[in-house]
Every structure is written in structure tokens, then in C-alpha cells.
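Everything below concerns the one structure shown next.
The values are calculated or read from the model by the stated rules, or taken from the named source; none is laboratory data. What you are looking at is a predicted structure, and each value in this text was computed from that prediction instead of being measured. Because the Cβ atoms are built from the backbone with ideal geometry, glycine has one as well, and the counts that use them run over all protein chains shown.
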Amino acid sequence: MQGRWLDRVLLMALLIVCTIWLVVPFGMAILWSLVDPSEPWTADRLLPPAMSFYRWTDMWENSSLKQALTTSYLLAPLAALTSLTLAMPTAYALGRINFRGRELAKLAVLLPLVVPGFVTAIFFTALLFQLGLHHFRFAAILFAHAVLALPYSIRILTVSFEQVRQDHIDAARDLGAGWLARFRVAFLPALRPGIFASLLIVFIQSIEEFAIAFVVGSPDIVTIPTLLFSALGQDYVRPNAAVLSLILVVPNVMLMLILERLLRSANPTLASGKVL
Amino acid sequence: MTSRPWFVVPLLLAPGLGLILLLIGSVVYIAIAQSFGGFNITGTTEGYSLAFWQDTLDRRVYWRAVRYSLQVGVVSALLSVALAYPLALWLRKPFPGAAFIGAILKAPLLVHGLVAAFLYVNVIAYHGIFNQFMQAIGIWAEPRRLQNDPGAIGVYILQAWKNMPFALLLLTGSVQSISDDVLDAARDLGARAWARFWRVVLPLTTSGLQAAAVIIFIGALADFSFQVIAGPTNRMSMSQLMVFFKDRGDWHEAAVVGVTLMILAIAGAAVLTAFLQLLGRRRWRG
Amino acid sequence: MNLVQNRVIRFLILSLATLTIGSAALAQSLDGMTWDEIVAQAKVEGEVTWYVWYLQDDLRRAVQAFEDEYGIDVIIPEGTNAGNADKLFAEASRAVGDIDVFAWGFDSFANVDLGTLFQPLSMLPADDGRVSEITGIDGGDYALAFWGNQSGIVYDPESVDAANLPQTPEEFASFWQANPGKFGFNYENGGSGPSFYQNVLRIFSGLDFSDGSDAAERIAALESGFDFFNEYADLYVITGSNADNIIRVSDRELWLAPAWEDHLAGLQKRGEVRSDLAFYIPEMGMNGGGNGVAMPQNAPRPAAAAVFIDWLTSAETQTMFNRDFGTAPMHAEADDSFALVPMSQRAFQQAWAAQPFQGAMIEAFIDNVILER
């Protein structure tokens, strides 16, 4: 009885928090996207004085938008998959093999995260130019995004690999399962949440990354962050930025739900029964 | 455990760590060289010297930026993780609506940080919705200037809003791997909820906790846009200082601040990892 | 250090060296070509990429005249000021880059070594009307101004009477005391706030700002200005950027704030801020500014770039910019009757302080005023 009451209180509290957490920011973004240029929406009004879909049609007709959407939504999933692939072997080593210097390696993996912004924007891209990768702009940006997101994918997958149960692996081997079957039965259940998290995070990192995509891609390749930063920079057109963010949110939410369904980030202990 | 040939571990590390060290290592080397004058993006090199380091370390603004950035980094990391833990535990066992709640909590991941900052500033604007609400229910007599508040509350709120879902994502996986038996046994032995958390949950989820806290710490340490849009105007963050030097053409000083950022990030990450490891191993006395 | 380490370091240094030296060879050299030959070459090249960070949509419309006249396509990519600059630096080591014409604030040109990044514009036909030096910053052979603007104070006519606008530092202090918290300015992310506080410092110190020496006694002379700002620190607000100033006046939080005239006009036209906001230049003076264009060393289509720069800085185009954007035209023979600010107030235009004094002054201001709040 006590538990049910507690759950209800928590649910209520969460609903209130969610309103502040989500409804307010997203609601405001929706209202911002509907502001008509004839009259600005100053902070003291609850609703925009003049509303219309002008911003939406205007942004949609902007020739760069469709290209940016296509490019970003092609780039981000590929970067996520690439990063995942590159990270798997290293995460396996860090998660399951106790070698000398492992803690140091786990720290060294974070190097891309600690590199300051302008160093990435100027020196890393200059390195990419030096390596001649800019002849294949899309591939260069893809590669750069995958490498820069490696800290996320490696660390996330490491945590997952650490949770794989040795007795499962042993049992599978003892039962004569081949390498692939062992992987599917023993590793995959524990890895699923990690794979899901890794794909999601790298996807988001890639779709938000501005500096490299701009320096290497411009003028041929336009991504969403380029348009977003343009709108929030000097020219400061908040309604346009709101439209862009909302255009981004819907596909992102759908992708996240699909991913979650596909990987069914289920409770790994469901596969393990009740034995510790 | 079967013995492995010596080359297996390096081979496994090559595509991940190897690429990182090769590419990013070169870039880091260039940045360090720039800070010592051994390299200059604008062409003219004066040769290695400690002058830029000495000069920058002499500046008051540098040390204040170091302190401020460290504070923001640590508080953001601990705050995000502290908020995420209870939620991860609550969502551990599937119940109706858990997936929906999980999705709602993860939604801020999908909103670009820059956009979030501008929305926040709009909500707390002088005549904005929050001020109007507080006046309407009678708590405040007149509007209060909340933008760029000196306590950096705005930055912490934005960091927590953006990073808590990430911590939740990592901790959910960790927490779900804890078997019910262990928690049941602990409860049967008389451990209250808090003790169950400290002695059972925390030690078993240390790895996920470390990964989340460290990554959030590094990101918050190097924060630029939240600070510039919503942060206190009487403080500069390290990234802000770095961009300040760079825009003036003081590339060497900018590199010094950049290298400092890198050192602080790695050192801070190591300290945070060790601290959380200790926390996970603490023996509860009495 | 053993031999292997030595070799590795040498290899790394060589690769770094190539980044510094950049490229000595141009995509195509325009040396020795007559202007007609350059124009013909430009038409063969067929397009020119112009990196500019603001009003890209409006500028795409404005360059239509160039496209019609020469048949050369003008590509204006989306971008930001910082992003464009990062691209410029990152590309410096490439033999052939992406940028044909690069637009930048004149104060930003002053912070780099122009000869390393850009080519001299000596191939352009002689035209004395062109402007390569504005408000104390000299672009030399490399940068030409195409856009002139002026900083001043934006005000809310609903709250401030046009007859009572503060004109001198003392009058600003009176305004602050009468209306605490209604004035704000930025110290970074834009030049409008710096234009304001640097002119206040100029008046209090009595120094000659065209002298670039950053000797200790000159910085010490700024003390009286710092004291002025610190005395009234609680009565004004420090904002985040150029745009923040204007937005907060439009939102009715502030009544006065520094701003750039063209930035304000642009935001009003776009419906981002209230159209009734007004602008003036105080008698104490505020700085003029301008943006210029230059051609990177590794421009892929130098002939088209040259022809475009020639068109952009011509008297006709400058008159058109004045008419369509309200800018101060950057050609001696252009017509400026559509300027947003009346000529009478333009007399209050000041030049930016010379370097390295300006840099030292900014640092001292941050140390003594901003960080002390």
C-alpha cells in the first residue's frame, strides 16, 4: 500500500517537473516558430501578438534547408555506426581484459573531449586538409565526427562489456556454441543498452557539431548546425532558430523510439534469472 | 583465463585508442607547441620560450577563470549525476508508463544546447513568463533581473537540463544489471533505503557513474555558449578567456589557456574517477 | 634522445612547418595581366564564392546586379563570423582553398598578419575613391572597405524623451542615478559596448587615442575612468552581446543601450525587435566602424574575385548599399543621402584607439571594472 502511494506522489511530482522541464521550453520554441515578422514578440507578452506560419514556409523554401536536412540525417547515423564499429574492439579490451595501464588507457580515451574548441576547429581541420581528406568532404566529416565521438562510444561500451557475465560466456562455450552464437547469447543482452546509448549519443554529437562540418564542408556541404548558428549569431533570428530546432526534434524523437524498440533496452537480468 | 599473445591487446586498442592518439595527439602537440611559441598559426615563429606561460599565469583573470571553470565543471557533474540516480533507480523495474517517462526525461538530449540557452534566457527575462508568474502569485513585488545571475545558477540549470539525460542513459544500464536478490537480501538484513544505496547500488554501478561524471565534468569545464549567454558577467570561463585572446590575435596566450584547459580536464577526470572509486568502496561504519 | 625519437620529432615539425609556411604558389597568378584579360579570365572561371557572416539573404539579392552584368555566379554560403575566420585559418595551408572573397570587420583585419593570409589587391584598376583605411585601421594593399556603419545609443521612445538623451559621461551618470538598472552595455561579443566605454575612458583620461603606445603611465591615466565605472557599478547592467543590448531594450527591460545602427535597422526590418526604437549618437562621440573584403592567398578563382571586389567597392554599388541598407558608403564619390544617421550627428564619429594601446586598455578595463563587480 505504502509503495503505491509513493509511486503516485512521485508520478505527480514528475508531471509537475516535466511541465517545467519540457513543456515550457518546447512550448516556447513552438510559439517562437509561429511569430509573424510584422510584430516582434517581446518578453512581456504571454503569446506572440501576431502569429502565422510565415517562418515555416520561409525556412522550408530556403534552398539550403532541404540539403542540410539530408546531409545531417545521412551523416549522423553513419557517424554513429562508424564510431560504434571503431569503438567495439577497444571497449572489449578495456572492459574485459585486465592489462597493465588499463586505467590510464581509459583516461587517454577522453583526449578528444579535452581538446579546446578552436584547436579542433582550426588545427584538426588543417590536419584533415594536410591528409588530403578534403577531396572527399562528406567522408572527411564523417570520419572526423566518428573519431571525435570515440570517447563516448568507447566509455559507454566499456561499461556494458564489464557487465557481461563470465558464467554466461563459459556456459555457452561449454555447450559448444560457436563464436557468433556465444556473442549473441552471452554478450548481446548486456551490450544492448550500451549500443543504444552509444548510437544515440554519437548521433546527437554529430547532428549538433558545427565547427568541423562547417570548416571542411562549406560551401558544398551544409548541415543543420550551420543554419542554426547563422540564425543565432549576428543576425539573431530566434524564430528561425526555433523552426530549425523543432524540425530537428521530431525526427530525433522518432529515431530514438525506433532505436529503443529495436534494441529493446531490456533488463539484462531478465536473461539471467535470479542468480548473481 | 587463456593466455593471450602479446599483440592482442594493442591490436584491439588500435582502431579506437590508436586513432585517437594518432590524430588527436598530433593536434594536441600543435596546441602545446603554439603555447610555447614553437609554432604559430599566423606564420612568424619566434622560437620556444616560457614567456607566454609566465605572462599568462601572471594575469589575475587567468586564475579566476581557472577557479570558476573548475567550480562549474565539478558542480555540473555532481548535480547531473545526483539527479539522475534516483530516476534511474525508480525506472529500474519496468512499470506501466516507464518507457514513456524515460523518453520524456531523455528529450533534452535532442535539443541543441544553444537553443536551450536562448529559450532559458527568454523564460527568465525581466518581463518574461517566470517573472510575471512570480508577481502574479504574489511572491515578488516587482520583476527581478535573473539573466546573467552572479551565482551562475543559470549555467548550472542549463548544464543539469542538458546533461542529466546523458547521466540517466548511462546509469540506467548500470542499475538494471543489479540483481533483485542482492537488494532483497539487503532489505531483509535491515538496511534502510539510504544504506542500500551506499552499500549495494553505488559500488555495483561505479563504472557507469565514473564514465558519466567524468564526461559531464569535461564538457562543463570547457563550456562556452552557456556561459556567454546565461552566465555571470563578472566572471570569465576558460573557454571564454581563450576565445577572447584568440579574437585579438593573441594566439600564444590562447594556446596557453587551451593547454591549461586540457591539463585541468585530464587531471580533473583522474581525480574525479579516483574519488568516485573511493566512494564506491567506502565501508559504512557503525 | 635516441635516433628514432629524433626522426619522429623532425617529421612532426616538418608537417607543422608546412602548416605555417602555407603555400607560396597561387592557384593562378594574375601578375602581368591587364584588367580586360582579368575580366575575361573571370568569366571563364564563372563563379565566385563570397564569405560574409551577416544578412546573407539580403546580400544575395544585392549581388544580383553583379551577376547580371558579368554573368558570373556569386555564391554566398551560410556561416558565422567565427566559423568563417576558423575556415580561413584552417585553409591557410592548402594550395587551393574554398574562399574567393573574404569579408571581415576592419578591426579583425587589424589583428592578423595581412600579408600572410591575403593577396595584395594591386590588380584592381586604379580608383582613388576606394577606402582602405577607416577609423584608424589601415587595410594596406590587402583589405578594402565595402560597408560603413556607426555605433551609437539605441533608446526606447516610450520611456525616454528625445529631449533628455544623455550626451556626456556626466549626463549618463545622472541618468543612471535617476533610473537605476535601465542602461546596459556589453564588453565582449560585439563592438557597440566597447565603443561606449572606451569613449568614456578617452574623455576621463584626456589621452590621445591615436597614439598606440601601451606604456604603463598611459594605462595608469585610465584610472579615473575605471573609478567612474566602479562608482556607479550597481546602477547599470553588463549585458552579453550587441544583440542582447537591442533585444533587452525592445523587451522594455532597458531604456538605453549601445548599438550599431545597421544592426538595429536589420533587426527591425526582420521583425525581431520593435520598430519604434530610435537611435542617436551622443555628443561625447562613439566609434565608427566598417567591414572590408580581402582575397585569400589561395583563392581558387582569383580573377573572378578581383572583378567582384572591384564591383563591390565601386561608387555605384556603394550608393546602392546606402540606399538599400542605410550604410555609410565606402567610396568618396558615392551618394549617402539615405544614411540612417543624419550628417549632423556623424560629426561625433570617433576612431578606434590604436594598437597595442587598445588591447592593453581592454584588458585593464576587464581587470579593474568587470571582474570587480
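Hey, can you tell me all the residues within segment B:199-215 that are of a type outside the set (S, T, N, Q) and over 12 Å from the mean Cα position of the chain (by Cα)?
B:R199, B:V200, B:V201, B:L202, B:P203, B:L204, B:G208, B:L209
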Got a number for residues in segment C:79-135 being within 14 Å of chain B (Cβ to nearest Cβ) and β-branched (V, I, T)? 3
Considering every residue within segment C:86-106, establish whether at least one is at pLDDT 90 or above, under 30 Å from C:P282 (Cβ atoms) and in a loop (DSSP other than H, G, I, E, B). no
On the basis of being surrounded by fewer than 17 Cβ atoms within 10 Å (Cβ to Cβ), in contact with a Leu (Cβ under 7 Å, 6 or more places away or on another chain) and in a helix (DSSP H, G or I), does A:I20 make the cut? no
Pairs returned, first residue in segment B:258-272 that is within 7 Å of chain A (Cβ to nearest Cβ) and at negative phi, second residue that is part of a helix (DSSP H, G or I) and surrounded by fewer than 21 Cβ atoms within 10 Å (Cβ to Cβ), beta-carbon separation under 7 angstrom, 6 or more apart or interchain, are B:I266/A:L107; B:A269/A:L107; B:A270/A:L107
Top-ranked residue of segment B:1-36 - restricted to ones that are crowded, with 19+ Cβ neighbours inside 10 Å and small (G, A, S), ranked as nearest to the other protein chains (Cβ to nearest Cβ): B:G16
Looking at C:D127, C:D141, C:D161, which is the one that is under 30 Å from C:I246 (Cα atoms), surrounded by fewer than 20 Cβ atoms within 10 Å (Cβ to Cβ) and at pLDDT below 95? C:D161
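Of the residues B:F197, B:F217, which single one is of a type in the set (A, V, I, L, M, F, W, C) and in contact with a Gly (Cβ under 7 Å, 6 or more places away or on another chain)? Spell out the reasoning first.
Details: B:F197 fails: in contact with a Gly (Cβ under 7 Å, 6 or more places away or on another chain).
Only one candidate passes the filter, namely B:F217.
In the set B:I137, B:I101, B:I124, which member is of a type outside the set (G, A, S), more than 20 Å from B:S237 (Cβ to Cβ) and surrounded by 17 or more Cβ atoms within 10 Å (Cβ to Cβ)? Don't jump to the end; show me each part of the working.
On the way: B:I137 fails: surrounded by 17 or more Cβ atoms within 10 Å (Cβ to Cβ); B:I124 fails: more than 20 Å from B:S237 (Cβ to Cβ).
So the residue among B:I137, B:I101, B:I124 that is of a type outside the set (G, A, S), more than 20 Å from B:S237 (Cβ to Cβ) and surrounded by 17 or more Cβ atoms within 10 Å (Cβ to Cβ) is B:I101.
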Is it true that B:G173 is touching a residue at least 12 places away in the same chain (Cβ under 8 Å) and small (G, A, S)? yes
Residue count, segment B:188-225 (criterion: farther than 24 Å from B:K162 by Cβ, touching a Phe, Trp or Tyr at 6+ places or on another chain (Cβ under 9 Å) and not aliphatic (A, V, I, L, M)): 3
Going through (1) touching a Lys or Arg at 6+ places or on another chain (Cβ under 9 Å); (2) farther than 21 Å from A:T226 by Cα; (3) surrounded by 22 or more Cβ atoms within 10 Å (Cβ to Cβ); (4) not hydrophobic (A, V, I, L, M, F, W, C) one by one, A:Y152 fails only at (1)
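Residue under question is A:M12, and the condition is that it be surrounded by fewer than 16 Cβ atoms within 10 Å (Cβ to Cβ) and either touching a residue at least 60 places away in the same chain (Cβ under 8 Å) or part of a helix (DSSP H, G or I) (or both); does it hold?
Values: surrounded by fewer than 16 Cβ atoms within 10 Å (Cβ to Cβ): yes; either touching a residue at least 60 places away in the same chain (Cβ under 8 Å) or part of a helix (DSSP H, G or I) (or both): yes.
Yes: the conditions hold for A:M12.
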List the number of the failed condition for C:A339; all other conditions in (1) more than 14 Å from chain B (Cβ to nearest Cβ); (2) touching a Phe, Trp or Tyr at 6+ places or on another chain (Cβ under 9 Å); (3) buried (at least 18 other Cβ atoms within 10 Å of the Cβ) hold. (2)
If you take the residues of segment A:162-177 that are within 10 Å of chain B (Cβ to nearest Cβ) and either basic (K, R) or part of a helix (DSSP H, G or I) (or both), which of them is nearest to the chain's Cα centre (by Cα)? A:E162
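Taking segment A:29-45 only, how many residues are assigned to a helix (DSSP H, G or I) and within 14 Å of chain C (Cβ to nearest Cβ)? First the steps, then the outcome.
Initially, segment A:29-45 is screened for residues assigned to a helix (DSSP H, G or I), giving A:29-33.
Pick out the ones that are also within 14 Å of chain C (Cβ to nearest Cβ) and you get A:32-33.
The number of residues fulfilling the criteria is 2.
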Failed item in (1) under 30 Å from C:G97 (Cα atoms); (2) of a type outside the set (D, E, K, R); (3) in contact with a helix residue (DSSP H, G or I) (Cβ under 7 Å, 6 or more places away or on another chain), with A:L131 passing the rest: (3)
Given the conditions (1) surrounded by 23 or more Cβ atoms within 10 Å (Cβ to Cβ); (2) free of Cβ contacts under 8 Å to residues at least 24 places away in the same chain, and given that B:Q210 satisfies all but one, which numbered condition is not satisfied? (2)
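Does B:A117 count as modelled with pLDDT under 80 and more than 7 Å from every other protein chain (Cβ to nearest Cβ)? Full working, then the answer.
Numbers: modelled with pLDDT under 80: no; more than 7 Å from every other protein chain (Cβ to nearest Cβ): yes.
Criteria not met by B:A117.
For the structure I just gave you, tell me whether A:T223 is touching a Lys or Arg at 6+ places or on another chain (Cβ under 8 Å) and either under 30 Å from C:V96 (Cα atoms) or within 11 Å of chain B (Cβ to nearest Cβ) (or both). Even if it seems obvious, please write down each step before you answer.
On the way: touching a Lys or Arg at 6+ places or on another chain (Cβ under 8 Å): no; either under 30 Å from C:V96 (Cα atoms) or within 11 Å of chain B (Cβ to nearest Cβ) (or both): yes.
So A:T223 fails the test.
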Mind listing just one residue for me: the one in segment B:219-238 that is assigned to a helix (DSSP H, G or I) and surrounded by 24 or more Cβ atoms within 10 Å (Cβ to Cβ) and, of those, nearest to the other protein chains (Cβ to nearest Cβ)? B:I229
What's the number of the only condition in (1) facing chain C (nearest Cβ under 10 Å); (2) assigned to a helix (DSSP H, G or I) that B:I216 fails to meet? (1)
Report those helices (runs of 4 or more DSSP H) wholly inside segment B:95-196 carrying at least 3 residues which are touching a Lys or Arg at 6+ places or on another chain (Cβ under 9 Å). B:113-123, B:153-176, B:180-188
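Can you tell which of A:A213, A:A186 is more than 25 Å from B:A167 (Cβ to Cβ), in contact (Cβ under 8 Å) with a residue 40 or more places away in the chain and assigned to a helix (DSSP H, G or I)? I'd like the intermediate steps shown before the answer.
On the way: A:A186 fails: in contact (Cβ under 8 Å) with a residue 40 or more places away in the chain.
The match here is A:A213.
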Mind checking which residues of segment A:174-208 are of a type in the set (G, A, S) and either at pLDDT 85 or above or surrounded by fewer than 20 Cβ atoms within 10 Å (Cβ to Cβ) (or both)? A:G176, A:A177, A:G178, A:A181, A:G194, A:A197, A:S198, A:S206
Members of segment C:354-367 that are more than 10 Å from chain B (Cβ to nearest Cβ) and either in a loop (DSSP other than H, G, I, E, B) or over 23 Å from C:F109 (Cα atoms) (or both): C:A354
